[in-house]
Structures are given as C-alpha cells and as structure tokens.
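The values are calculated or read from the model by the stated rules, or taken from the named source; none is laboratory data. Because the structure is a prediction, the values reported are computed rather than measured. Note that each Cβ is placed from the backbone with ideal geometry, even for glycine, and that neighbours are counted across all protein chains shown. These area figures cover heavy atoms from the full protein model, side chains too; ligands, DNA and RNA do not enter into them. Shrake-Rupley method; radii C 1.70, N 1.55, O 1.52, S 1.80 Å.
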Amino acid sequence: MKKDLKNLDIVVLGASGNLAQTKIFPALFALFSQGLLPEKVKFYGFARSQLSQTEFKEQIMPNLTCRYTPDHSCGDFVEKFLERSYYCNGKYDSIDGLNSLASHLTKDANRIFYMALPPEIFPMLTKSIAMAGLLGSDADKWVRVVIEKPFGRDRASSDELNSELLKEFSEKQIYRIDHYLGKEMVQNIMVLRFANQIFKPLWNSKYIKCVEIDWQENIGVEGRGGYFDNYGIIRDVVQNHLLQLVTLVAMDEPESLDADVIRDRKLAVLHDIEIVNIEDLILGQYTNYTDDPMVPDKSLTPTFVNVKLKIDNAEWRDVPFVIRAGKGLNAKKNEIRILFRKPEGNIFCQLDNCPPANELIIRIQPDEGIHFNIVSKVPGLKMQFQEKDLDLSYKSAFGDAIIPEAYESLLLDVINGEKALFIRNDELEAAWDIFTPVLRYIEENKIKPENYVFGSKGFDRICKKE
Ligand code: NDP
Ligand code: BG6
C-alpha cells in the first residue's frame with residue numbers, strides 16, 4: 001500500500017521536560033501555524049509523568065506563541081494544534097506504555113521520534129520502541145529519530161551509545177541535533193564566507209591573526225545542576241556547539257551544497273585540530289556554584305573554560321582559535337571575532353599613525369548581525385584615523401523579518417530529510433577525540449578550577465590586536 005504523504009506522527013519522548021515544553025512543542029506549533037507541516041500531522045507526548053490530556057495541554061499551551069500569525073487568529077491555531085496533540089504516559093524500559101501509545105498512532109504514517117531526554121535513556125528506550133513494533137516494517141514509510149546532545153561523555157561512551165542506536169536504526173534514520181547549527185547567524189556563516197567574493201582570498205593565516213569564539217551566559221545552572229555537574233562546560237557547549245562554529249569558520253569551500261560534501265569539509269577540519277592539552281585550558285567555576293542543591297559540595301566541575309585550539313593545516317597553522325565559554329558571567333552573548341593581521345609596511349605608518357588591524361565580528365546572539373571594524377579618515381584637515389563599525393545588524397538590515405528559532409529550522413529539515421545541519425557519526429567521533437584525553441586528565445588528576453565571581457568577566461586570554 002502506498003503511504004499517505006499527508007500523514008505524519010511526531011512523538012516527543014520526555015514530553016514533560018524542559019526542552020520539550022520550552023523548545024520542541026513551540027517550534028512544532030510555529031511550523032504548524034505557518035502551514036509548513038503535512039496536512040494530517042499529529043503530535044504525541046510520551047513520558048513517565050502521570051498527566052491527563054488536559055494537564056498536558058495546559059503545560060504546553062503557555063509556550064505556544066503566535067509569532068507568524070495575526071493576533072486575532074492565534075487562538076484558532078492553538079486550538080487546532082492542541083486538538084491534534086495527545087499525551088501518553090509510560091516507562092522507558094518497558095513496552096506497556098508504548099503499546100498504549102501505539103494504539104493511538106496513525107497507521108501508514110511517517111514517524112519521527114524526538115528523544116528530549118537525558119542521553120542515558122536513549123539505548124533502553126530505543127530497544128523498547130523496537131520491541132513495541134513502533135519502527136514499522138512498511139518500506140514505503142519512513143521512521144526518523146532525533147537525538148539530543150550530549151552524545152555521550154567521551155569517545156568510548158559515545159561509541160557505545162551509537163552502537164546501541166545502530167542496532168535499531170540505520171545511520172540514515174538518525175538525526176543528531178546540535179541546535180546551534182539551526183541558528184540563523186550560524187547558517188549565515190557559509191553564506192558570508194562563500195557568497196561574498198571579498199572574503200575568499202583573505203580567509204587564511206596570511207591575513208587572519210586569531211579567531212575567538214566568545215560564549216557567555218549571565219545565568220548559572222538554573223535547576224539543571226544535576227545534569228550540568230555530571231558534564232561540565234566543555235561537554236555542555238564546547239565539544240559540540242562551539243566546535244561546530246570552529247568548523248564552519250575554518251572549513252574549505254565545499255564544491256556543492258550536498259549534505260555529505262559539507263560534512264566532509266567540516267570533518268577535515270576536525271581531523272586537523274590538535275588534541276587539546278591541559279596547558280591549552282583555563283578552567284573556572286563561579287562562586288556559589290556548589291550552593292545548587294543538585295551539585296555536590298566539593299564539586300570540581302568547571303563552569304568556565306578558555307581553550308586554545310590549534311589547527312594543523314596549511315590555511316590555519318599559527319592561527320589560534322580561542323574558545324571562551326562560561327556560565328555565570330556578566331553578559332549573555334555569543335559572537336565570533338575574526339582578527340586580521342596588521343598590514344606590514346603600511347604607508348600610513350610613515351606618519352607615525354599606523355592604522356589598527358581590521359576585525360570582523362559575527363554576532364550569533366543576541367542582536368544578530370555582522371560588524372566590520374573599518375579604518376577610516378576622521379573628517380578634517382589632519383590625516384587621522386579612527387576605527388568605525390560597518391554595521392549589518394539584522395534589526396536594521398531586515399526590519400521586521402522574524403528570525404526563526406533554531407529548532408523550527410531543524411525540525412523542518414528532519415521532516416524534509418535534509419541532513420546538512422545534523423552531526424554525522426564520524427564528526428562526532430572526531431569531536432570527542434579532540435577533548436577526550438584532556439577530560440580524562442582533568443578528572444583523574446582532580447584539577448581544581450579557579451574561582452570567579454558570579455556576574456564577572458571570567459578569565460581572559462583573548463585575541464589581542466597588534
Ligand atoms: P529534563 O531533565 O527536563 O528531562 C526531560 C524528561 O526526561 C523529564 O521531564 C523526565 O520525564 C525524563 N527524565 C529526566 N531524568 C530522567 C531519568 N534519570 N530517568 C528517566 N527519565 C528521566 O531535560 P531537558 O528537557 O532539559 O533536556 C532533554 C535533553 O535535551 C537532554 O539531553 C539535554 O541535554 C538536551 N538539551 C536540553 C536543552 C534545554 O534547553 N533544556 C538544550 C539543548 C539540549 P518523566 O519523569 O516524566 O519521564
Ligand atoms: C544547551 C546547553 O545545549 O545550550 C545549555 O545544555 C545552554 O547549558 C544552552 O544554556 C544555550 O542555548 P541557547 O540557544 O540559549 O544559546
């Protein structure tokens with residue numbers, strides 16, 4: 001029998017949790033309210049929590065916001081979305097609850113399982129899903145599974161997790177999500193680099209002195225202390241989100257937009273990054289971190305890291321890629337600074353007034369935009385310079401255009417089978433290889449992070465202008 005393309009069942013596992021409620025259901029609603037989902041799409045929540053249908057809907061409703069539809073039709077969309085939503089409770093390591101879910105799923109529909117759960121649950125849940133017969137056997141119908149980071153704690157546990165998943169799903173069916181790849185500005189990095197001719201000849205160590213990826217949050221672990229303390233800042237954001245940014249900045253131009261061609265280019269960068277040593281790191285922990293009830297009193301888990309990556313290839317040798325990431329700092333922002341070299345023998349230096357080096361800033365969030373510090377003559381009779389900002393802030397450049405949430409963009413890709421923005425298994429392995437030895441060293445040697453005051457700047461080792 002031919003599958004009905006209008007049918008799609010999206011099952012969110014861990015539906016009672018923070019990610020499902022604050023990101024996944026709102027993103028599905030945003031796509032639904034724009035008419036971007038198949039006509040007969042249905043949404044299912046599954047978790048252990050005992051929730052009635054009404055309680056479940058009451059939980060997800062406050063986060064469904066109508067950014068794409070006029071206010072007067074908002075209520076209608078919410079109502080229609082909730083009519084298609086269904087909650088089922090059950091355990092992850094048994095098929096009872098899943099059997100009950102199965103009786104509500106649409107026969108002959110394509111299916112997405114979104115694992116919005118701690119990763120240690122994935123293997124047992126995958127087995128239960130298979131045993132409950134939810135993977136189907138209709139060759140005409142696809143089943144995809146989305147898994148959230150962190151994908152393991154190190155190379156070995158990541159390999160183990162993968163091999164468990166691969167017992168039930170093929171690599172083609174697995175979508176390893178890194179939501180940073182869905183962010184608008186992150187998707188713009190390739191456009192900036194490869195659609196603008198001026199950057200191409202300058203994008204290498206001859207012209208670039210240093211690249212800095214700055215990631216700051218002005219909040220602490222906020223109720224996620226149990227999870228965070230087990231992982232730490234390197235596993236939480238550096239090995240995944242921020243390393244992905246490094247690959248996008250450093251990769252060679254792919255010869256096509258094919259998902260595997262792009263991922264091959266990123267993988268080549270990951271293979272060229274030298275394994276991180278303890279000397280490449282500054283570790284920090286904000287004051288009062290251990291006051292969190294879920295964090296052990298003597299925890300040595302870093303909430304801040306400054307790491308210098310070295311890429312050993314012809315384009316980037318001698319260009320440090322500095323990642324600076326911390327929670328409990330004085331700002332919420334994420335940006336990439338590309339610091340150019342000062343031109344040698346510049347004619348204006350003869351006036352004892354050497355112009356400063358250029359700097360390109362890709363502001364990922366908030367206030368998405370691209371800024372280029374350009375040296376300009378100060379109007380007047382003297383030859384004086386000042387750096388001025390060539391400012392492409394999205395707000396002024398694109399007016400009221402709505403910037404989609406990362407999860408909207410990525411969920412649509414899962415539905416359309418687009419994999420360029422998802423992590424391939426070999427990328428994951430290479431990313432773990434860079435950090436696994438130092439993570440082991442830190443833990444085995446009980447390396448103590450330096451303290452920094454909550455709300456302060458953390459520790460600097462940044463790209464300095466010449
Ligand atoms: P939660 O801790 O809120 O867990 C989600 C749900 O999983 C809970 O509601 C609970 O549901 C179930 N659960 C939690 N712990 C266990 C356990 N030990 N055993 C069995 N079930 C458990 O996590 P989040 O929603 O914050 O995150 C889910 C995943 O997404 C994680 O891998 C996280 O790292 C990742 N992630 C989260 C982000 C976020 O913004 N929250 C951002 C990026 C990634 P119940 O008890 O009802 O079964
Ligand atoms: C998650 C981390 O992956 O990303 C969190 O687990 C972090 O610790 C979050 O706060 C940041 O995401 P965003 O989209 O708010 O920058």
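Just for the chain, what percent of DSSP beta bridges are antiparallel, to the closest 5?
Values: 40 of 76 bridges.
Roughly 55 percent of the DSSP beta bridges within the chain come out antiparallel.
Please report how far the C-alpha centroid of region 22-43 lies from that of region 388-453, rounded to the nearest whole angstrom.
24
Could you do me a favour and compute the accessible area per residue for the chain, 1.4 Å probe, result in Å²?
46
Report the net charge of residues surrounding residue 316, where surrounding means a beta-carbon distance below 9 angstrom and charges are Lys +1, Arg +1, Asp -1, Glu -1.
So the surrounding residues net to -2.
Straight-line reach from residue 209: which aspartates and glutamates have Cα under 12 Å away, leaving out those fewer than 8 places along the same chain?
315, 318, 359, 466
If one takes the longest principal axis of the Cα atoms in the chain, at what angle in degrees, from 0 to 90 and to the nearest 10, does the Cα axis of helix 155-168 lie?
Its long axis makes an angle of about 30 degrees.
Return the ratio Rg/(2.2 N^0.38 Å) for region 90-145, where Rg is computed over Cα atoms only.
1.10
Please express the shape of region 263-312 as an equivalent ellipsoid: the semi-axes are the square roots of 5 times the eigenvalues of the C-alpha gyration tensor, given largest first in whole angstrom.
For region 263-312, the semi-axes come out at 32, 13, 8 Å.
Which pairs, out of 310/388; 6/127; 308/332; 333/457, put more than 23 Å between their alpha-carbon atoms? Present the calculation step by step, with values, prior to reporting the outcome.
Values: 310/388 30 Å; 6/127 28 Å; 308/332 21 Å; 333/457 12 Å.
Table pairs above 23 Å Cα-Cα are 310/388; 6/127.
Could you list the trypsin sites (Lys or Arg not before Pro) in region 159-213 that lie in coil according to DSSP, counting only those with at most 16 other Cβ atoms within 10 Å of their Cβ?
Hits after loop and neighbour filter: 206.
Rounded to whole Å, give me the distance from the Cα center of region 93-131 to that of region 294-314.
Computed from Cα coordinates, the inter-centre distance equals 35 Å.
At most 12 other Cβ atoms within 10 Å and a DSSP loop assignment: could you name the trypsin sites (Lys or Arg not before Pro) in region 341-416 that fit?
The qualifying sites are 382.
Helix 259-272 against the longest principal axis of the chain: what's the angle in degrees, Cα atoms only, rounded to the nearest 10?
50
Within straight cross-link reach of residue 23, meaning Cα distance under 16 Å, which lysines are found once same-chain residues fewer than 8 apart are removed?
Straight-distance partners of residue 23: 57, 149, 183.
If you filter region 298-332 for trypsin sites (Lys or Arg not before Pro), then keep DSSP loop positions with at most 15 other Cβ within 10 Å, what is left?
298, 317, 332
Please flag any cysteine in the chain that has no other cysteine's Cβ under 4.7 angstrom from its own Cβ.
So, 88.
Please enumerate, by chain and number, the aspartates and glutamates with C-alpha under 14 Å from the C-alpha of residue 395, excluding those fewer than 8 residues away in the same chain.
Cα-Cα hits under 14 Å: 184, 367, 368.
Going by alpha carbons, how many degrees (0 to 90, nearest 10) lie between the helix axis of 184-195 and the longest principal axis of the chain?
50
Kirkwood Rh and Cα-based Rg: tell me the resulting Rg over Rh for region 20-71, rounded to two decimals.
Result: Rg/Rh = 0.98.
Can you tell me the mean projection area, over all orientations, of the convex hull of region 235-366's alpha carbons? Units nm², please. Could the numbers behind the result be given before it?
Working: hull surface 49.5 nm².
Averaged projected hull area, Cα only: 12.4 nm².
Translational diffusion coefficient, Stokes-Einstein: compute it for the chain using the Kirkwood radius over C-alpha pairs as Rh, at 25 °C and 0.890 mPa s, and state it as an integer in µm² s⁻¹. The partial results should precede the final answer.
Details: Rh = 24.1 Å.
The estimated diffusion coefficient comes to 102 µm²/s.
Just need log10 I(q)/I(0) for region 7-148 at q = 0.10, 0.13, 0.14, 0.21 Å⁻¹, Debye formula, equal scatterers on the alpha-carbon atoms, no solvent, rounded to two decimals.
Values returned for q = 0.10, 0.13, 0.14, 0.21 Å⁻¹ are -0.32, -0.54, -0.62, -1.36.
Could you work out [θ]222 nm for the chain from helices alone, using -39500 (n - 2.57) per DSSP H run of at least four and dividing by all its residues? Round to the nearest 500 deg cm²/dmol. Walk me through the intermediate numbers first.
Values: 13 runs with 140 residues, N = 466.
Using -39500 (n - 2.57) per qualifying helix, the result is -9000 deg cm²/dmol.
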